[in-house]
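Data first, discussion second: the structure below is written as structure tokens.
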Amino acid sequence: MGLISRFKEGMSKTREAFREDMNLILNRGPAVDDDFWDGLEEALIVSDMGVYSATTIVERLRSEAVRKGYRDAYDVLEALNDSIAAEFPEGAEGFFDEPCIVLFVGVNGSGKTTTTGKIAKQAKDAGRQVILGCADTFRAAAIEQLEVWAERADVRICARERGSDPASVCYETIERGEQDGADLVLIDTAGRLHTSADLMRELEKVVAVVRKRANLPVKLVLVIDATTGQNGLQQAREFNDALDLDGVVITKLDGTAKGGIAVAVAHYLQIPVVKLGVGEGLEDLKDFDARDYARSLVGDFAAE
């Protein structure tokens, strides 16, 4: 299944919900009036783009409609995909291609460990020299889960017994990576509540140790579960305030009608969305493309 087709399947609920909302408006007629603009903004907000993002998109389209002389609502909807794509900052393409150390952070259950493992497998298959580090020393299953991915990807893993100091695991992972000549070091950290000041301070300590010891550029990637909706945006804000994030991975986009959360996060934080998870399989963790995402999110009214 192709990239766009996979996105469309994974985000079908978001797209169907948006189409239902828009059809209610279009059934009243194609006039580009205040009711249309209000309805469009509400439909975007309901898809979890957030008020700020939805308002920005609608204001941009209203200005464009006047400037380009759009005839009706269908002209506006044809331009909607490009307007949504414009919300995403550059930087997603080739995010993992250069030699680097990547720490994956996020709350429990967001899909950090699986995402770390999948990226390791993809990178190894592409000929990279990869090492995994399991700095999630609180959850025993995390170590076992990452070990499975290390075996599947045929890469080395650095892990210690449950309860070990996560910062020391990171330090050792970087050292082993140097010994092995690794050009991609992927470290899975423990899930922690963004509302817990103590846990966030501990994570800041881990990041500080990694930055001090690093022999390669360090990137911090937040993994967000799309089903958490606008709570995912709050998570992103708290983690970014504490750590200064470099990128975001959105997981579990299959089976949710709230796929717009990627727009809200990218717009508010101005950092790239680097991967999208639309299923459980290895092939379901996709490189992010803003226009493919936009088409999968709202569909193409002109063609249907």
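The values are calculated or read from the model by the stated rules, or taken from the named source; none is laboratory data. Since this is a predicted model, take the numbers as computed values, not measurements. Quick reminder, even Gly has a Cβ in these numbers, built from the backbone with ideal geometry, and neighbours come from all protein chains shown.
List of remarks:
- Taking region 66-84 as the range and being surrounded by fewer than 18 Cβ atoms within 10 Å (Cβ to Cβ) and aliphatic (A, V, I, L, M) as the test, the residues that pass are V66, A79.
- Output for region 30-62, where each listed residue is farther than 21 Å from A264 by Cα, assigned to a helix (DSSP H, G or I) and without any contact (Cβ under 8 Å) to a residue 12 or more places away in the chain: D34, D35
- Region 199-212 residues that are in contact (Cβ under 8 Å) with a residue 12 or more places away in the chain, paired with ones that are outside any helix (DSSP H, G or I) and β-branched (V, I, T) (beta carbon under 7 Å, 6 or more apart): L203/V105; L203/T189; V206/T189; V210/I101; V210/V218
- Which numbered condition E175 misses (of (1) exposed (fewer than 15 other Cβ atoms within 10 Å of the Cβ); (2) more than 18 Å from V218 (Cα to Cα); (3) in contact with a Cys (Cβ under 9 Å, 6 or more places away or on another chain); (4) of a type in the set (D, E)): (2)
- Looking across E283, E238, one residue alone is surrounded by fewer than 23 Cβ atoms within 10 Å (Cβ to Cβ), farther than 24 Å from K118 by Cβ and either out of contact with any strand residue (DSSP E or B) (no Cβ under 7 Å at 6 or more places or on another chain) or among the hydrophobic types (A, V, I, L, M, F, W, C) (or both). It is E238.
- Within region 101-134, restricting attention to residues that are part of a loop (DSSP other than H, G, I, E, B) and crowded, with 24+ Cβ neighbours inside 10 Å, the residue that is modelled with the lowest pLDDT is S110.
- Qualifying residue in region 213-226 (condition: outside any strand (DSSP E or B) and within 30 Å of S12 (Cα to Cα)): yes
- Filtered residue count, region 115-174, keeping only those that are in contact (Cβ under 8 Å) with a residue 40 or more places away in the chain, aliphatic (A, V, I, L, M) and over 15 Å from L103 (Cβ atoms): 1
- For region 148-160, the count of residues that are outside any loop (DSSP other than H, G, I, E, B), under 16 Å from V249 (Cβ atoms) and aliphatic (A, V, I, L, M) is zero.
- You will find that of E87, E98, E151, E144, the residue that is closer than 30 Å to Y268 by Cβ, surrounded by fewer than 18 Cβ atoms within 10 Å (Cβ to Cβ) and not small (G, A, S) is E98 and no other.
- Residue in region 1-49 that is modelled with the lowest pLDDT, counting only those that are of a type in the set (K, R) and closer than 24 Å to S63 by Cα: R28
- Among residues of region 69-100, those that are assigned to a loop (DSSP other than H, G, I, E, B) and not small (G, A, S), counted: 13
- Condition met for A79 (farther than 25 Å from G277 by Cβ, at pLDDT 85 or above and hydrophobic (A, V, I, L, M, F, W, C)): yes
- Hey, L253 in contact with a Leu (Cβ under 9 Å, 6 or more places away or on another chain) and either polar (S, T, N, Q) or assigned to a loop (DSSP other than H, G, I, E, B) (or both) or not: yes
- Total residues in region 189-212 satisfying the condition of being touching a strand residue (DSSP E or B) at 6+ places or on another chain (Cβ under 9 Å), part of a helix (DSSP H, G or I) and not charged (D, E, K, R): the figure is 4.
- Verdict on G232 being over 24 Å from C170 (Cβ atoms), under 11 Å from the mean Cα position of the chain (by Cα), modelled with pLDDT under 90 and not hydrophobic (A, V, I, L, M, F, W, C): yes
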